[in-house]
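What follows is a set of notes on a single structure, which appears directly below.
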Amino acid sequence: MTAKELRELVIEKIPQITGASGMSKEELVAAIKDVFGIVEGEGAVSPYKKQITSMKKDMAGLREERLKASSRKEREILRKKINKLKKRSRRLARAV
């Protein structure tokens, strides 16, 4: 959004923020984040971090098994399991 659009949005929808007409875009975004309690940066850690790391360890183990698998069917099954774990971990990472 442009700064003009943000100002209009804040004036119409968020009365807690005063002085929006004189704020720059960065100030408006920071004020909106403060009002809604959005935290960004290095201090923000996903609440699912432990689950994601354990899934990644499982994926690494499955990859090793896949390399050692003798039949094509076994490799295909392991590949599908790895893909499911990847999708699940990505969904958890986006859920923040």
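The conditions are (1) within 22 Å of the chain's Cα centre (by Cα); (2) surrounded by 14 or more Cβ atoms within 10 Å (Cβ to Cβ); (3) small (Gly, Ala, Ser), and Ala69 fails exactly one of them. Which is it?
(1)
Just one of Glu26, Glu65 is in contact (Cβ under 8 Å) with a residue 12 or more places away in the chain and not polar (S, T, N, Q); which is it?
Unique residue meeting the criteria: Glu65.
Every residue, every condition in (1) at pLDDT below 95; (2) exposed (fewer than 11 other Cβ atoms within 10 Å of the Cβ); (3) in contact with a Lys or Arg (Cβ under 7 Å, 6 or more places away or on another chain), yes or no:
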| residue | (1), (2), (3) |
| --- | --- |
| Lys25 | yes, no, no |
| Lys33 | yes, no, no |
| Ile38 | yes, no, no |
| Lys50 | yes, yes, no |
| Ile77 | no, no, no |
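Here are the criteria: (1) more than 28 Å from Arg94 (Cβ to Cβ); (2) exposed (fewer than 14 other Cβ atoms within 10 Å of the Cβ). Tell me which single one Ala20 does not satisfy.
(2)
The values are calculated or read from the model by the stated rules, or taken from the named source; none is laboratory data. Treat the numbers as computed from the prediction; the structure is a model and nothing was measured. We place every Cβ from the backbone using ideal geometry, glycine too, and count neighbours over all the protein chains shown.
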